[in-house]
Amino acid sequence: MVSYVPGDLTLTVRGGTTLAEIGRVTGEHDQWLPLDPFGSDEGTIGATIATASAGPLATGFGLPRDLLLGLEFVNGRGEIVRAGGKVVKNVAGFDLSRLLTGSWGTLGVITEVTVRLYSRPKVDRTFAVPLGRGQKSTTELLRAVAASPLAPFALEILNGAAALSLGFGDNPTLLVRFGGNAPVVDAQLKAFSQLARTEEVEQSTWPALRKMDGDAASVIRISTLPTRFLTVASSILADTEPRIMISINPRRGIMRLVTQDDGDREPASIADPGISLDFPSDGEGAGTSVIFEKLPAEVWPVVSPSVASDPLSRGIKKAYDPHNILNPGILGH
Amino acid sequence: MILPSRSNASTVADRLAEIVGDRHVLSRPSELLVYNSDGLPGYRRQPRLAVFPGARDEAIAVVRLLADEGLPFVPRGAGTGLSGGSLADDIIVIGLHRLKDIISLDIENRRVTVEPGVVNLRLNKYVAPHGLLYAPDPSSEAACTIGGNVAENAGGPHCLKYGVTLNHVLAMTVVLPSGEVVELGSKFGEHDGYDLRGAFIGSEGCFGLALDITVKLTQRPQTVRTLLADFMSVDKAARVTSAIIASGIVPAALEFMDGPTIRVVEASIYAAGYPKDAEAVLLIELDGLEAGVSADLEVVRRVCIEGGARNVKVARDDVERLKLWQGRKKAFGAMGRLASHLIVQDAVIPRTRLSEILATIGAISKKYGVLVCNVFHAGDGNLHPNIAYNADDTDESERVHKAMTEIMNACIAAGGSITGEHGVGLDKMGYMESIFSDNSLNAMCELRGVFDPEHRANPGKVMPIHSCKEWNAVASAR
């Protein structure tokens, strides 16, 4: 911990501080850093920023780039560089904070991070909705939620395999988290109950969902326009593939596929999502990105990422890490 | 840096006119007068030429012509900036206000793609019938453009809850100073790889021109409630601000106006009905679901009363609400009543230090015999001490600048930043070395060098030139 003034709702920590430690310290003042990347709270804030890792709470609080106020890093020449600051609003100088977020350690080693905090909500409750059995169709439900003034902290749809791993039976399930003062949570619950039959579940559902990829062979994230998921969610969820656990965040337009290692697959097929992604064409064709979050080491060269191979990215890499010593190859340089 | 010679410039003007049409190239000094300052009248620089492309392809062709000629240029939106960032010192201005198409609106996915010259408020009026809004709302929203907002990473009162421009831009098509056209970010989903969109936002015209910008839209809140709390002491209002933030409630906006500001606003056509004898008012807005807003409203009202507010008034309807806001949003304009020139600062401080810094500002204004009007985004700790003065009075100018420097140094010493939303431009370049080390400044120079290796886009802004190692090496080699 470098500095923490609860009244400012900002926190500055060294890069190696775990999310668990941040949670403990801020919790003492009824505050929190609403970042819950997939994985566990034993991960560090530096790694969370470096990989731009987000989880279900991104629905309500944004991505790491949105909560980051400033950072310090050491570039490939061993120079200490500071970006941003410790106040909640800042446009001084070019935005190296955003640049470093999601750069996977290729531009610098993040040594210090300043983030924005929030007060812990007075009420924070989670509800599960079993999908597909006597419920309105998934698409209809999602459209109704999208059109409503509901502002959930988190909203995730799980396929049967994912629901089963969390102990909800093997039915596709929608998880929704409402937080805030008591009246706002009650009002949202009341409105939501008119759309679907809900059942309150433990808050520990979220850490369990985040740990789903613990021993997975591969984790693939697919990102596209949120509405594209509205129309295909039902058919994706209907595909009962017990080996692939799927969670969809319809607000962010994110689907995560967590594949267990069954030991007898060819490397190339592990990188294959294994389900048909039949997004309706909207005339623009492009726009779906497949991001590999986790792959067996031997598979990595097969899919050979090239996400930072454009001239601007290569120029930045060369300027910040002229000797190519920082996580070489990870972004396909 | 290669500047056009006078004779050369006329040739360039002709070739620019071939691209955009005669009417859209200005070269006579009298025509260029209006482009010689931005919203901060203390700085004036005369451009050599101004060119106004009327279509995306024209903008690209203009940039390519300047690239071929090796000529520097300054991009400009509506010219409402408050840091001298869009001034062109004997070089070419590319004005983008004619690129004003709203290209596509995707209601269900809540995003819209616009050209850079689209005015912020016009975008909001366009999306309002669909129950949507574009959240960043600079006080100049009625005039400023989305392209300018991107260049400055603009904020506004409602950024306290909703975030600034960088939190709302998804993607951009950009023409780099070389003339190359690149896509930054993703219109469709989340982007992988370096966040070049994030790097571009707030680059103050030094990285190129945005040709189109895709932004997120936000659902209009179910309920909006606006309170005006007035105080007989600046200190009490400052402490109440800190107490509201510390309570954990995130108001949509939390704005502060001190006595001198109240009185100049009330004397102007923007009079909002603020109590003229008050030493400070807080304008507090809460929004969201009706049930939650009502509960928070009672908490905020109680914090204000317990903190010494004389009155807490809740706007009864939208008419009253908009009137309260008009006084705040037009306060800078109203200060034109005080003197011919206005200097505006934009420092940000930790929100627990508000009371202490406002007292320091009060002491500094007494010491130099200047009138400071404080009107600012208190919830963010983003101060705007303004001093109206007569720039032709050298003694007064000197006192004003000394006072402003002292105020800025006090904010820096409190752990703050030199600019929260107005940008560095020309105005705050001198303070960059107070908050960033040589290595940090050099890293920023290197980033700029990747986007603009020839340093032709908005030269001489943001970064003190001597802080760029690479530039120094080039200079000493000559």
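The values are calculated or read from the model by the stated rules, or taken from the named source; none is laboratory data. All values reported here derive from a predicted model rather than from experimental measurement. Positions of Cβ are backbone-derived with ideal geometry, glycine not excepted, and every protein chain shown enters the neighbour counts.
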Residues B:LEU342, B:LEU383, B:LEU358: which one is within 23 Å of the chain's Cα centre (by Cα), modelled with pLDDT under 95 and of a type in the set (A, V, I, L, M)? B:LEU342
Out of (1) surrounded by fewer than 23 Cβ atoms within 10 Å (Cβ to Cβ); (2) farther than 26 Å from B:LEU160 by Cα; (3) within 14 Å of chain B (Cβ to nearest Cβ), the one A:ALA161 does not meet is (3)
Identify all residues within region B:269-294 that are closer than 11 Å to B:GLY327 by Cα and crowded, with 17+ Cβ neighbours inside 10 Å; write none if there are none. B:TYR270, B:ALA272, B:TYR274, B:LEU283
Out of region B:423-435, which residues are in a loop (DSSP other than H, G, I, E, B) and under 29 Å from A:GLY315 (Cα atoms)? B:GLY423, B:VAL424, B:GLY425, B:LEU426, B:LYS428
Just checking, which of B:ALA238, B:ALA252 is away from chain A (no Cβ under 12 Å) and either surrounded by 24 or more Cβ atoms within 10 Å (Cβ to Cβ) or not aliphatic (A, V, I, L, M) (or both)? B:ALA238
Is it true that some residue in region A:127-134 is of a type in the set (A, V, I, L, M) and within 13 Å of chain B (Cβ to nearest Cβ)? no
Total residues in region A:110-148, condition of a type outside the set (Asp, Glu) and touching a Gly at 6+ places or on another chain (Cβ under 8 Å): 13
Can you name the residue in region A:185-208 that is in contact with a Phe, Trp or Tyr (Cβ under 8 Å, 6 or more places away or on another chain) and part of a helix (DSSP H, G or I) and is also surrounded by the most Cβ atoms within 10 Å (Cβ to Cβ) among such residues? A:GLN188
Counting only residues that are away from every other protein chain (no Cβ under 11 Å), touching a strand residue (DSSP E or B) at 6+ places or on another chain (Cβ under 8 Å) and of a type in the set (A, V, I, L, M, F, W, C), give me the strands (runs of 3 or more DSSP E) lying completely in region B:318-422 with at least 3 of them. B:341-344, B:372-376
Lone qualifier among A:PRO172, A:PRO121, A:PRO152 - being more than 7 Å from every other protein chain (Cβ to nearest Cβ), farther than 24 Å from A:VAL5 by Cα and out of contact with any Leu (no Cβ under 8 Å at 6 or more places or on another chain): A:PRO152
In region A:1-30, anything buried (at least 20 other Cβ atoms within 10 Å of the Cβ) and either within 27 Å of A:ARG252 (Cα to Cα) or not polar (S, T, N, Q) (or both) is listed as A:ASP8, A:LEU9, A:THR10, A:LEU11, A:VAL13, A:GLY15, A:LEU19, A:ILE22, A:THR26
Residue in region A:32-45 that is at the interface with chain B (Cβ under 8 Å from one of its Cβ atoms), over 18 Å from B:ARG197 (Cβ atoms) and of a type in the set (Val, Ile, Thr) present: no
Being over 23 Å from B:LEU160 (Cβ atoms) and part of a loop (DSSP other than H, G, I, E, B), is that true of even one residue in region B:436-449? yes
Whether any residue in region A:195-208 is under 18 Å from B:LEU289 (Cα atoms) and modelled with pLDDT of 95 or more is what I want to check. no
Pairs, first farther than 14 Å from A:TYR118 by Cβ in region A:1-12, second acidic (Asp, Glu) and surrounded by fewer than 17 Cβ atoms within 10 Å (Cβ to Cβ), C-beta under 9 Å, six or more apart: A:MET1/A:GLU21
Run B:ALA391 past the list (1) of a type in the set (A, V, I, L, M, F, W, C); (2) surrounded by 19 or more Cβ atoms within 10 Å (Cβ to Cβ); (3) at pLDDT below 95 and report the number of the one that doesn't hold. (2)
Right, B:GLY202: in contact with a Phe, Trp or Tyr (Cβ under 8 Å, 6 or more places away or on another chain), in a loop (DSSP other than H, G, I, E, B) and either facing chain A (nearest Cβ under 8 Å) or polar (S, T, N, Q) (or both) or not? yes
Could you figure out which of (1) part of a loop (DSSP other than H, G, I, E, B); (2) without any contact (Cβ under 8 Å) to a residue 24 or more places away in the chain; (3) among the acidic types (Asp, Glu) isn't true of A:GLU21? (1)
Enumeration of residues in region A:171-184 that are free of Cβ contacts under 8 Å to residues at least 60 places away in the same chain and either among the basic types (Lys, Arg) or in a loop (DSSP other than H, G, I, E, B) (or both): A:ASN171
Which of the residues belonging to region A:46-97 are more than 8 Å from chain B (Cβ to nearest Cβ), free of Cβ contacts under 8 Å to residues at least 60 places away in the same chain and among the β-branched types (Val, Ile, Thr)? A:THR48, A:THR51, A:VAL74
Filtering region B:295-308 down to residues that are surrounded by 16 or more Cβ atoms within 10 Å (Cβ to Cβ) and at the interface with chain A (Cβ under 10 Å from one of its Cβ atoms), which residue is farthest from the chain's Cα centre (by Cα)? B:ALA295
On the given criteria, is A:VAL109 more than 10 Å from chain B (Cβ to nearest Cβ) and among the hydrophobic types (A, V, I, L, M, F, W, C)? yes
